[in-house]
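No lab work stands behind these numbers, since they all come straight from the coordinates. For clarity, every value in this text was computed on a predicted model and none was experimentally measured. No Cβ is skipped: glycine too gets one built from the backbone with ideal geometry, and neighbour counts run over all protein chains shown.
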Amino acid sequence: MDQPTSPPTSRTTTGALLARFSDAIDTQAWDDLADLLAPAFRGAYVHTGETFDRDAFVALNRDYPGSWRFEREALVDGGDQAVLRARVSDATGASDEVHYVATFAASRDGRLTEITEVWAEVAAPDPTRR
């Protein structure tokens, strides 16, 4: 069973919230993810133009097919704004599919208020650039 996380406070930085965000997604702790998002949360995917409210964002992650690892690779904390880079891969090992995501976030009063994500698939570089 998941260990309860301590509640965010108004002094919690956006970077600290994003670290907890990535842990919640990686461990599939959907209640923890929901607790990190403000009631008026807005999420956006740059690559598709989709936008999500808090419930839709949690449902999207919870209901996405398969089992995925969400491994934090880098985090830059600017206090009320932060950026996270993560590697997303098949947790079962059945496929070698890998994606990378950059998550740009803002927070207020100890909750994430806004997330914009940019997703990329791994592709072989053009051989003429080598």
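In region 22-38, which residues are more than 13 Å from PHE70 (Cβ to Cβ) and buried (at least 22 other Cβ atoms within 10 Å of the Cβ)?
LEU36, LEU37, listed by residue number.
So LEU84 clears everything in (1) out of contact with any helix residue (DSSP H, G or I) (no Cβ under 6 Å at 6 or more places or on another chain); (2) surrounded by 11 or more Cβ atoms within 10 Å (Cβ to Cβ); (3) of a type outside the set (Gly, Ala, Ser) except one condition, right? Which one?
That leaves (1) as the condition not met.
How about region 90-130: which of its residues are under 17 Å from GLY49 (Cα atoms) and aliphatic (A, V, I, L, M)?
Selection gives VAL101, ALA102, ALA105, ILE115, VAL118, ALA120.
Name the pairs whose Cβ atoms lie under 7 Å apart, with the first residue in region 70-93 and free of Cβ contacts under 8 Å to residues at least 12 places away in the same chain, the second surrounded by 14 or more Cβ atoms within 10 Å (Cβ to Cβ), and 6 or more positions between them or separate chains?
ALA74/ARG85
Of all residues in region 36-64, how many are more than 16 Å from GLU114 (Cβ to Cβ) and touching a residue at least 60 places away in the same chain (Cβ under 8 Å)?
1
Looking only at region 65-75, decide whether some residue is over 20 Å from VAL118 (Cβ atoms) and out of contact with any Ser or Thr (no Cβ under 8 Å at 6 or more places or on another chain). Give the steps one after another, and end with the answer.
Of all residues in region 65-75, those over 20 Å from VAL118 (Cβ atoms) come to 65-67.
Cutting the leftovers down to out of contact with any Ser or Thr (no Cβ under 8 Å at 6 or more places or on another chain) gives us 65.
Yes, there is a match, as at least one residue in region 65-75 is over 20 Å from VAL118 (Cβ atoms) and out of contact with any Ser or Thr (no Cβ under 8 Å at 6 or more places or on another chain).
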